Amino acid sequence: MGISYEEFREAIQDGARRRQLLNRDGRPFFVLLSQQFSREELEGLCDTATAIRRLDRHRDGREFLLAILRGHRVMNLFAQPSTRTAQSFIAAADKLGATSSLVSDMRTSSFAKGESVADSVRTLSSFFDTIVVRHPDDEFATQAAWALYRSQRSIPVISAGSGKSQHVTQALLDFYTLRYSFYEHGGVDGKQIAIVGDVARNRAARSLALILTKFRPGGVHFVSPQNFQPDDELLGYLRRHEITVEVSHSLENTLRERGRDLDAIYMTRLQKEWDGGTAGQPKADAKTSELGAGDDYVLRTEFRLLVREDCVIMHPLPRINELPDSWEEHPGFVVWRQVRNGMWMRAALFATIHGAAEEIRARAKRLDLM
Amino acid sequence: MGISYEEFREAIQDGARRRQLLNRDGRPFFVLLSQQFSREELEGLCDTATAIRRLDRHRDGREFLLAILRGHRVMNLFAQPSTRTAQSFIAAADKLGATSSLVSDMRTSSFAKGESVADSVRTLSSFFDTIVVRHPDDEFATQAAWALYRSQRSIPVISAGSGKSQHVTQALLDFYTLRYSFYEHGGVDGKQIAIVGDVARNRAARSLALILTKFRPGGVHFVSPQNFQPDDELLGYLRRHEITVEVSHSLENTLRERGRDLDAIYMTRLQKEWDGGTAGQPKADAKTSELGAGDDYVLRTEFRLLVREDCVIMHPLPRINELPDSWEEHPGFVVWRQVRNGMWMRAALFATIHGAAEEIRARAKRLDLM
Amino acid sequence: MGISYEEFREAIQDGARRRQLLNRDGRPFFVLLSQQFSREELEGLCDTATAIRRLDRHRDGREFLLAILRGHRVMNLFAQPSTRTAQSFIAAADKLGATSSLVSDMRTSSFAKGESVADSVRTLSSFFDTIVVRHPDDEFATQAAWALYRSQRSIPVISAGSGKSQHVTQALLDFYTLRYSFYEHGGVDGKQIAIVGDVARNRAARSLALILTKFRPGGVHFVSPQNFQPDDELLGYLRRHEITVEVSHSLENTLRERGRDLDAIYMTRLQKEWDGGTAGQPKADAKTSELGAGDDYVLRTEFRLLVREDCVIMHPLPRINELPDSWEEHPGFVVWRQVRNGMWMRAALFATIHGAAEEIRARAKRLDLM
């Protein structure tokens, strides 16, 4: 049956072999990494998302969409609780007429009886046409893809957030929101983008940065506490892709000096979930930094004077206090649009994987929706 | 963005402003309170429920219904476990072709990460077209409605039981069952209705009493232990609406004296759930009353001689021992019909909120089903 | 309202009265026992499963199937966790266009409030057209069937595994896989079938053996530790049905002596779940036997030389180490097909119960698929 898990895991780190393993028929089949998509694929996904969003507004368009994946079944295998991500995937599948099951308690499956991950995934996959997986273990999604890569009945696997490192569909929806916001202003190329908060441990921020390497942003500005600044691996990756990167530790100073230059500010929360969790050692000063320095990474209401009115204001949610309600009045506030975009982008991903993207875009064009 | 939560909460207590906030386009949009409906709205809901029930019996009628909310998505956000209420709503949505998600463990959402209720509700609502909420906190449903009232993407909210005080859809189905039972006997007006059990803490009994104020029942007779008799607020409200109210503490005596006058007996369980719960202090003598006096509120088999054969016998379920199986032989026993009516009434509510009620009733009339 | 539970339970043990209680309109209505089906019914179920499987491969066939139970609602009431069985039933219902609800935590229903099983089942059944039940209590499925047998709104009940004794749909899918494997080789009659592992406590193995009594297998060979060999009741039942039965305790010896004669080997796991469970006393030497003797019931890779290449290799899953991956290369390895067959057989069962089996088989024949 061919390739071992270790070979598979290593091969997908390498650009050339990666596409061979993760794509089929020239389309993504296993969706595991933000960096697996080409620029063309990313633009295609965005256009498909827009087409779906606009078709959904009209009765005929909705009926057209509901036939796309009719009879198709999606399993959402969520070992790690995340209601909103799961519901976003389920809504996306619904829009295309597919049915979804949510399997959220792994203890109720046979994992607990000593079965291998490969057997469990293959067994459950027997009843479905696509699997969406979310798991605290960084490698689970890759293991699932490997098990199905080798199976005689292969079905696509989409990672919905794997451990600490990647959250590929969040990155896709964030990128889509950015691109859509700049659509009539030259796109993402040349734009100055600030990413604020706990960049070191935020999967969404990290995954978005990886996607940006497929384009030519004018600069990426990380603003985070010293303890939670982006690691050297991420910074090196961005610089190898010729992205201008800056790292600073004061949001106020950054905005005073460069605020008017910024085209987008991507706010994130100073996260606590991973502290003392199973996935790693908490940094000794984590608590101090969160409680003490936390307010330094709040986009305070009065900062509005320091940024342009056309600056895009984003946040992956949930937020605590770092992006006050007052910002909802700012013309560039697109946080609620991001949430809806998650649904459209995930629908675009399903459609793309199953070869229906072109048909959808063609229909939208014919109806003058694009 | 206008109104504060405190203003919203207060305004919906007031009849005039209430309709302005809870209705849209002349239809209920937020369903929070039993007393929010006018007599005409209640009669319309009942007629729509009957139309749906009858259309569902025939293949063509079923197909017609399945198109009503096709592509529509309902979220059932149930913080408080209640399988049967949730399944009743899901079945109701299914009958009209809508799809449902059940989000029952709030801990798996981002509430746990310190997010505000408003943010959580708005985020989850992004993937849905209607929200049904059930929560032990009396105010949760109101908070959800307020969050969506202010949102740019407003969707309807239906309370499926909020804390100790209201259970509006149970009251609607109970009222529907009463009205249907009396349909060829002059309706609810003039009827003598006994409500037996723990009226003080039973949401269903309390909510039904509130709905009855929109009509002219001949009298409402509460029969309950002294500790659990209706509070002064409820009694005052009923009397202000010119309902004749009696309160007694012996079921046997009430039946011996007035049993032949009764048109309906609404039995309830002496509840234990709230005792010592988070929502309030248990009364000091709660336990005594339940264990000792409980049997005084059982509709014993031999009481059948004390009531008319056309007296309607109801119970919101679950029952323990207060309504023995032997009553199933009584011609007025409609308890199982109540359960099914819950499904039809909830479907009628969905249809009404989304403006499809008239179309449904018209179709049923055209087919001579009404 | 007739029959008491004790009468019902006793009557279904008796062949003649059983059919009267469990069948309606000449079709199975309550599916509780492997031995309730006649040979003709079993063959009909298999043919229907094949028809569904083949129709599902084509767009027209899929659309035809999706209309079979359109608007129909299935409740999966799973008190005992079993993700894969539940998902198999849900997928089966989906294939025929029915919608499913999974109620997996009985504590969230009113059972916890002191309600009777009969009331709970009748209430929940009000929202559905079929109930699938799984419960650790051997009698729960029978109680549910009895409650609905007496109800004015009877709906079918399918047992999805009841306590320790029966797993009727697993037995049906295993039988289907056997029959399909031997379809062009004379069917199940005359075949030599080995059942290996913890036969005493394995519901699947036990239930399959019961179904085989409706046919004329050449012999059934049980291979198990002495502690877990089939009990006298099962052996007596098989012998009364004129099945040649052998019992041995060494897999290696059995294969060396008889391996080339075997037409099928049905492997099972040495189970631990029931040890110390609520349903019975663990045998004193259970642990010893599992840890010590376990490897004696592994189908070791080198045993391949002892069996024919056309021997059918089965396992109900999950497996631990008793059926190594290397067997996937053997031409008779049908374990993954078994999993898919579970879905097709459960769809066939739904169709049969609701009277659609003949229509499905006729359609498949007309399209030359059978």
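The values are calculated or read from the model by the stated rules, or taken from the named source; none is laboratory data. The structure presented is a predicted model; accordingly, all values stated were derived computationally and were not measured. We place every Cβ from the backbone using ideal geometry, glycine too, and count neighbours over all the protein chains shown. With ligands, DNA and RNA removed, areas are computed over all heavy atoms of the protein, side chains included. Shrake-Rupley method; radii C 1.70, N 1.55, O 1.52, S 1.80 Å.
Sorting A:239-249, B:25-35, C:345-355 by average packing, meaning the other beta carbons within 10 Å per residue, from highest down gives C:345-355, B:25-35, A:239-249.
Here the simple spin-label model places points 7 Å from the Cα toward Cβ, and for A:Glu43 and B:Arg153 these points are separated by 2.7 nm. By the helix-only formula, in which each DSSP H run with n ≥ 4 contributes -39500 (n - 2.57) and the sum is divided by residues, chain C has a 222 nm mean residue ellipticity of -11500 deg cm²/dmol.
From the cross-link list B:Lys214/B:Lys365; A:Lys164/A:Lys365; B:Lys95/B:Lys365; B:Lys95/B:Lys191; B:Lys95/C:Lys365, which pairs have alpha carbons spaced over 29 Å apart? Checking Cα-Cα distances, A:Lys164/A:Lys365; B:Lys95/B:Lys191; B:Lys95/C:Lys365 exceed 29 Å. Would you mind telling me the share, in percent, of accessible area of the protein assembly as shown contributed by carbon and sulfur at probe 1.4 angstrom? The C+S portion of the solvent-accessible surface of the protein assembly as shown is 45 percent. With a Förster radius of 56 Å applied to the C-beta separation of B:Glu329 and C:Asp261, the computed FRET efficiency comes to 0.35. Taken about its Cα centre, the range C:168-339 carries a charge dipole of roughly 400 debye when the Cβ of each Lys and Arg holds +1 and the Cβ of each Asp and Glu holds -1. A label point on A:Glu328, set 7 Å along the Cα-to-Cβ line, lies at 5.2, 5.2 nm from each of its counterparts in the other copies, closest listed first.
The stretch between C:Arg54 and C:Lys365, if pulled fully straight at 0.36 nm per residue, gains 110.9 nm over its current Cα-Cα span.
Quick check on the range C:1-96: take the gyration tensor over C-alpha atoms, sort the square-rooted eigenvalues as a ≥ b ≥ c, and tell me if it's rounded (a/c under 1.5), prolate or oblate. Prolate, since a/c reaches 1.5 and a/b exceeds b/c. Take each residue in B:79-85, count the other chain C-beta atoms within 10 Å of its C-beta, and the mean is 5.
Using alpha carbons only, how many degrees (0 to 90, rounded to 10) separate the axis of helix C:39-55 from the longest principal axis of chain C? Here the helix axis deviates by roughly 80 degrees.
Working from Cα positions, state the angle (0 to 90°, nearest 10) between the long axis of helix A:357-366 and the longest principal axis of chain A. It is inclined by approximately 70 degrees. Counting only Cβ charges, +1 for Lys and Arg and -1 for Asp and Glu, the dipole size of the range B:98-208 around its Cα centre is about 120 debye. Distance between the 7 Å Cα→Cβ label points at A:Asn321 and A:Asp25: 5.3 nm.
Looking down the axis that turns chain C into chain B, the chain C residue with its beta carbon nearest that axis, and the gap rounded to whole angstrom, comes out as C:Thr99, 5. Measure nothing but the geometry: give the 0 to 90° angle between the long axis through the Cα atoms of A:335-353 and the longest principal axis through the Cα atoms of chain A, rounded to 10°. For A:335-353 against chain A, the angle is about 30 degrees. Each part gets one Cα centre, and for the range A:201-274 versus the range A:318-370 those centres are 22 Å apart. The mean number of partner chain beta-carbon atoms within 10 angstrom of a residue's beta-carbon across peptide C:115-126 is 5. When the trypsin sites (Lys or Arg not before Pro) in the range B:148-238 are filtered for DSSP coil states and for at most 15 other beta-carbon atoms within 10 Å of their beta-carbon, the remaining sites are B:Arg153.
Of the trypsin sites (Lys or Arg not before Pro) found in the range B:1-86, the ones in coil according to DSSP and having at most 16 other Cβ atoms within 10 Å of their Cβ are B:Arg57, B:Arg70.
Taking only the alpha carbons of the range C:168-253, we obtain Rg and Dmax values of 12.3, 38 Å in that order.
Find, to one decimal place in angstroms, the Kirkwood hydrodynamic radius of the range B:36-187, where the mean of 1/r is taken over every pair of different Cα atoms and then inverted. After inverting the pairwise mean of 1/r, the radius is 16.7 Å. Expressed as a fraction of 2.2 N^0.38 Å, the value expected for a compact globular protein of N residues, the C-alpha radius of gyration of chain C is 0.98. Based on Cα atoms of the protein assembly as shown, Rg over Rh with Rh as the Kirkwood radius reads 0.98. Annotation: for a label point projected 7 angstrom from Cα along Cα→Cβ of A:Arg240, residues of the range A:7-34 with backbone N closer than 12 Å are A:13-16.
Considering only A:His58, A:Phe30, C:Leu255, the residue lying farthest towards the positive end of the dipole of the protein assembly as shown is A:His58, judged by Cα position with unit charges set on Cβ. Based on protein heavy atoms only, the range C:168-339 ends up with 41 Å² per residue of surface accessible to a 1.4 Å probe. Taking Cα centre as origin and charging only the Cβ of basic (Lys, Arg, +1) and acidic (Asp, Glu, -1) residues, the dipole magnitude of chain A rounds to 1100 debye. Using a 7 Å projection from Cα along Cα-to-Cβ, the label point at B:Glu139 is separated from the same position in the remaining copies by 4.9, 4.9 nm, smallest value first.
Summed over both chains, the area buried between A and B is near 2200 Å², taken from the accessible surface of protein heavy atoms with a 1.4 Å probe.
A crude spin-label estimate for the pair B:Val247 and C:Asp295, with each label 7 Å from Cα along the Cβ direction, gives 7.8 nm. Only alpha carbons enter this Debye calculation for the range A:168-339, each as an equal point scatterer, and the log10 of I(q)/I(0) it gives at q = 0.15 Å⁻¹ is -0.80. Inter-copy label distances for A:Glu302: 8.2, 8.2 nm (label point placed 7 Å from Cα along Cα→Cβ; shortest first).
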